[in-house]
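Quick notes on the structure that follows.
The values are calculated or read from the model by the stated rules, or taken from the named source; none is laboratory data. In this text, all values refer to a predicted model and were calculated from it rather than measured experimentally. Please note: Cβ atoms are built from the backbone with ideal geometry, for glycine as well, and neighbour counts cover all protein chains shown. Quick note on the areas: whole protein, heavy atoms, side chains included, nothing else; ligands and nucleic acids left out. Shrake-Rupley method; radii C 1.70, N 1.55, O 1.52, S 1.80 Å.
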Amino acid sequence: MTTPIRWGILGTGSIAHKFADGLRAVADADLVAVGSRTQRTADAFGDEFDVPKRHASYEGLVADPDVDIIYVSTPHPMHAPNTILCLNAGKPVLCEKPFTVNLREAEGVVRLAREKKLFLMEAMWTRYIPVIVKVREWIQAGRIGDVNMVAGDFGFRTDVNAEGRLFNLDYAGGALLDVGIYPISFASMVFGTQPSRIASMAQLGETGVDEHAGIVFGYDGGQMAVLYTAVRTDTPQEVDILGTKGSIRIHTPFWKATKATLTLSETESETVDMPYAGN
């Protein structure tokens, strides 16, 4: 028998609901506690997902001895302080993307986790869905040769709401941290390193956030990633990985894909379709 991992969720917003729903598909996961800023919201979340322990503060959640690991699902600017709260209480953390809102915060939480010898990871779930695991196997097996380029995007169109998190600078709004992080993380996964050169351009909207942006990464080996993102423009939401012997396309929407195609020539291709359980 596998001992279940006892999860706590910090925050009760929409992403927390999706994560709690996803945990239902995991055999060795038990959602045992939730922490919110009020008892009312903690109880409402607890009632919806049958969570036995409902804490009216984040401090109460991190102090709960029955919690093995905490998923941080608060707004972007709170990721670092909430992660630090958990780590200082001795709790491992799975933090919703973006990991933090800047380099200084990221270095701080990583340093603390290493000092405490605690697990800490960004919840970039795209890396773990079955078809992306298959894509990594193709790349590692040399099916498309040496990878020279990655091209990818994630954008959508929504109305401007100056008070909403997407368009509010106080909530670290904008395309880059909300959805641009997906193709950026994907490029990091493929190349296994960080770029040595970065060129970018962004259109800042009326509230000051980046409404769309283009990004080019250059790597020491000559490889490149060409990426773009938006919150006021619909984009294809696909990724192409281009190698010396062939290419791989992860079909739209790549960030929750079930399908990818390996192409070696005009007449030789292979498509896999790999659905997954849960959300």
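Looking across segment 1-36, the residues that are touching a Ser or Thr at 6+ places or on another chain (Cβ under 7 Å) and either of a type in the set (Ser, Thr, Tyr) or not in a helix (DSSP H, G or I) (or both) come down to Ile9, Leu10, Gly11, Thr12, Gly13, Asp28, Val34, Gly35, Ser36. When segment 161-206 is filtered for residues that are at negative phi, touching a helix residue (DSSP H, G or I) at 6+ places or on another chain (Cβ under 6 Å) and either assigned to a loop (DSSP other than H, G, I, E, B) or open to solvent by 70 Å² or more (accessible area, probe 1.4 Å) (or both), the ones remaining, listed by number, are Asn161, Arg165, Tyr171, Gly173.
Every test in (1) assigned to a strand (DSSP E or B); (2) out of contact with any Asp or Glu (no Cβ under 9 Å at 6 or more places or on another chain); (3) closer than 16 Å to Tyr182 by Cβ is passed by Trp255 save one, and that test is (1).
Checking the stated criteria, Val72 turns out not to satisfy the condition of being within 30 Å of Gly243 (Cβ to Cβ), open to solvent by less than 20 Å² (accessible area, probe 1.4 Å) and not charged (D, E, K, R).
Consider segment 75-85 and keep the residues that are over 22 Å from Gly22 (Cα atoms) and out of contact with any Leu (no Cβ under 7 Å at 6 or more places or on another chain). The one that is surrounded by the fewest Cβ atoms within 10 Å (Cβ to Cβ) is Pro81. Name the residues in segment 259-270 that are at pLDDT 95 or above, open to solvent by 80 Å² or more (accessible area, probe 1.4 Å) and either among the β-branched types (Val, Ile, Thr) or assigned to a loop (DSSP other than H, G, I, E, B) (or both), would you? Across segment 259-270, there are no qualifying residues. Taken together, the criteria place Ile84 among residues that are in contact (Cβ under 8 Å) with a residue 24 or more places away in the chain, in a helix (DSSP H, G or I), farther than 20 Å from Val32 by Cα and among the aliphatic types (A, V, I, L, M). Each residue in segment 87-101 was checked for being of a type in the set (Gly, Ala, Ser) and either part of a helix (DSSP H, G or I) or crowded, with 16+ Cβ neighbours inside 10 Å (or both), and 1 pass. Screening Tyr128, Tyr171 for residues that are in contact with a Pro (Cβ under 9 Å, 6 or more places away or on another chain) and either of a type in the set (Phe, Trp, Tyr) or free of Cβ contacts under 8 Å to residues at least 60 places away in the same chain (or both) leaves exactly one candidate, Tyr171. When Gly13 is tested against (1) on the phi > 0 side of the Ramachandran plot; (2) open to solvent by less than 60 Å² (accessible area, probe 1.4 Å), exactly one condition is not met: (1). Within segment 102-142, can you find the residues that are closer than 30 Å to Asp170 by Cα and outside any helix (DSSP H, G or I)? Those that are closer than 30 Å to Asp170 by Cα and outside any helix (DSSP H, G or I): Asn102, Leu118, Phe119, Leu120, Met121, Glu122, Ala123, Met124. Look at (1) open to solvent by 70 Å² or more (accessible area, probe 1.4 Å); (2) touching a Gly at 6+ places or on another chain (Cβ under 9 Å) and you find that Ile139 fails only one, number (1).
In segment 11-48, what residues are within 16 Å of Val67 (Cα to Cα) and either among the polar types (S, T, N, Q) or over 22 Å from the mean Cα position of the chain (by Cα) (or both)? The answer is Val32, Ala33, Ser36, Ala42, Gly46.
Quick grid of which residues meet (1) of a type in the set (A, V, I, L, M, F, W, C); (2) surrounded by fewer than 18 Cβ atoms within 10 Å (Cβ to Cβ); (3) in contact with a strand residue (DSSP E or B) (Cβ under 9 Å, 6 or more places away or on another chain):
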position	(1), (2), (3)
Arg24	no, yes, yes
Gly35	no, no, yes
Arg54	no, no, yes
Glu59	no, yes, yes
Arg104	no, yes, no
